[in-house]
Amino acid sequence: MLPVLALVSWSHETKPLISRRFFLSGSALLAARRFAPSALALSLQQQTAPHATPNLDPNRLARFVDALPLPVVANPIERRTAPDNPGIQVPYYRIAMQEISAKLHRDLPPTHLWSYGGAVPGVLFETRRGEGQLVEWVNRLPAKHFLPIDHTLHGAEPGIPESRGVVHLHGGRTPAESDGYPEDWLVPGRSKVYFYPNRQDAALLWYHDHAMGINRLNIYAGLVGLYIVRDDVEDALQLPKGKYEVPLVLMDRDLGPDGQLRYPVSPDPSRPWVPEAFGEAHLVNGKLFPYQDVEARRYRFRILNAANGRFYNLSLSNGAAMLQIGSDQGLFSAPVTLKSIQLAPGERADVVIDFSPDRGARIQLKSEPFELMQFRVGATAVEDSSLVPATLRPVARIVESSAAKTRRLTLDENLNGVAESMGMLLNKTPWHAPVTEKPMLNTTEIWEFVNLTEDVHPIHLHMVRFQILDRRRFDTFDYMTAGKLRYTSSPMPPDPNELGWKDTVRVNSGTVTRIIVPFSGYAGRYVWHCHILEHEDNEMMRPYEVLPA
Ligand SMILES: [Cu+2]
């Protein structure tokens, strides 16, 4: 085990933790490793069983030899009557979950993946506010899974089909029956039609698998895609568009020497689950080290962190600033200038980069210490009629007094007798226990997440958007021994790029993180969970129910 001091120097996240246990748990090591993997590789090996051959070292591959692929836009196959309005017809799509093989890099053989519609990331949905659509999701996957299922996890017990899929539109204000409840999975040969009303502001949403107990494996296999909602407010702004608007889906994977996906396993073959999975190979739109030719002008990048557990901290190799104009649920009131942008799993950033001062340059998009991709800026000056106005879209802060209720919810680590992580819990309550969070439709609530663990958890609520109120440090030891919430700092306001509408919030270790949530949309059964997929699959997910008004 590495000395504690070495760990603290690697990550601020580990600083407040040490009182609870003399030895840091595996998850704390992993939290530290998230940003700085190589130095802590040894610690990770204690959590994962070695493979017979070493993983492929992506650093030995030639960089920037593949052009950045762009997702293919989905095409409807017909129009059908809208479920909520018999007077109108809406587009109808049929999208298959299917096995594919794809080249992740020029010098690798094709990699076996699971996809929505033929590529990873899957087909891209282009939609407009208020214009609903129907999607028939079809499971055409093979009957056997190719990644290591842990049959001790809830929902993945022996006898339950290996190959199951259910699609959730992350960030969608979706009726409950179309939200992709984790137990509503489809086996191969089955399909289900979901309705997405799109009654929400312009934003970059994403769809991904949510099947109980194997979600982390299905997403790792590639079941991820983008879903853009547009509206008139955004259109009026003259932001870069068309070929100057580029989606970037980030994910990390481990590959074997044959270029095939490897998902880490624990040393116990009867319980292969690992607390977190990190890869050394970073894919951007499904390619390793891609490059993109860009003109010397402004581009808008719609960035998604689709990794299982990796936090990305994005920066440019020339040290230039980026202009973040929006986050999970759409545009900010005003752009925020940043030299680095942190994205937890599930979070999105809407970013404008101006390449006009860098004619002829090659600039890498990085997440220290990794290079993710390269921009090759054209040598000639070009016209640029796009704008980034000083005022984007007003985001009125919700006043705390409007909340009808405040819920205090703990994030807990489930330890065995020798202080090894057995998984995480929300409010010390397993998935299958009766529903405890039942907000009423059209009311506003404050949810206080009390993080008693040594890890940062990105907490995501389905169906709703929310605002972050503040974060405040507290004494975890006091809380766990005496149940007393004793704050050790004053409330810290959200970061400047956290002031927009969110659907996923980083709940830092040893903090109470408060969000304010208007429950507007639909009544019904939804879920809230940690977006570190290994946590989510092992009980860090709970149902919640929006009661009719
Ligand atoms: Cu978590």
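Read the figures in this text as sums done on the coordinates, not as results from a lab. Bear in mind that the values here come from a model prediction, so they are computed numbers and not experimental data. Positions of Cβ are backbone-derived with ideal geometry, glycine not excepted, and every protein chain shown enters the neighbour counts.
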7 Å from Cα along Cα→Cβ at both ARG408 and ARG106: what's the point-to-point distance in nm? 5.9
Modelling each spin label as a point 7 Å along the Cα-to-Cβ direction, I'd like the GLU126/ARG140 distance in nm, to one decimal. 2.3
Starting from the Kirkwood radius over alpha-carbon pairs of segment 477-530, derive D by Stokes-Einstein at 37 °C in a medium of 0.692 mPa s and give it in µm² s⁻¹. 230
Report the calculated FRET efficiency for THR53 and PHE477 (r = Cβ-Cβ distance, R0 = 41 Å), to the nearest 0.05. 0.40
In whole µm²/s, the translational diffusion coefficient that Stokes-Einstein assigns to the chain, given a Kirkwood hydrodynamic radius over C-alpha pairs, 37 °C and 0.692 mPa s, equals 138
What aspartates and glutamates could a cross-link reach from LYS144, if we take a straight Cα to Cα line under 18 Å and drop same-chain neighbours fewer than 8 places away? GLU99, GLU157, GLU162, ASP209
In segment 224-285, GluC sites (Glu not before Pro) in a DSSP loop with at most 11 other beta-carbon atoms within 10 Å: none
Highest average packing first - 528-538, 475-485, 499-509, Cβ atoms within 10 Å: 528-538, 499-509, 475-485
Over 21 Å (Cα to Cα) among LYS103/LYS241; LYS243/LYS287; LYS103/LYS243; LYS339/LYS366; LYS428/LYS484 -> LYS103/LYS241; LYS103/LYS243
Under a point-charge model restricted to the Cβ atoms of Lys and Arg (+1) and Asp and Glu (-1), what is the dipole moment magnitude of the chain relative to its Cα centre, in debye to the nearest 20? 460
Three semi-axes of the equivalent ellipsoid, segment 88-147, Cα gyration tensor, whole Å, largest first: 29, 15, 7
Give me a comma-separated list of calculated 3J(HN,Hα) values for segment 364-374, in order, Karplus coefficients 6.51, -1.76, 1.60 applied at θ = phi - 60°, integers in Hz, x for any Gly or Pro. 9, 8, 10, 9, 2, x, 9, 9, 9, 7, 10
What FRET efficiency would be calculated for the residue pair VAL382, ASN427, taking the C-beta separation as r and a Förster radius of 60 Å, to the nearest 0.05? 0.65
Pairwise FRET efficiency - LEU485 versus LYS243, Cβ, R0 = 35 Å, nearest 0.05: 0.10
Using Cβ contacts closer than 10 Å as the measure, can you line up THR81, THR337 from fewest to most? THR337, THR81
Using the basic label-point model (7 angstrom from Cα toward the beta carbon), what is the ASP495 to MET440 distance in nanometres? 3.7
Additional length obtainable on full extension of the chain from VAL187 to ASP84, 0.36 nm per residue less Cα span: 34.3 nm
Rounded to whole Å, give me the distance from the Cα center of segment 288-332 to that of segment 245-276. 23
Got a sec to turn the phi values of segment 64-79 into Karplus ³J(HN,Hα) couplings, 6.51 cos²θ - 1.76 cosθ + 1.60 with θ = phi - 60°, whole Hz, x for Gly and Pro? 6, 10, 10, 5, 4, x, 10, x, 7, 6, 5, 10, x, 9, 6, 10
Using only the Cα atoms of segment 148-239, construct the convex hull and provide its projected area averaged over every direction, in square nanometres to one decimal. 7.0
Cross-link partners among lysines for LYS405, C-alpha distance below 19 Å, same-chain residues fewer than 8 apart left out? LYS438
Name the residue farthest towards the positive end of the dipole of the chain from the options ASN442, PRO290, VAL388, assuming +1 on Cβ of Lys and Arg, -1 on Cβ of Asp and Glu, about the Cα centre. VAL388
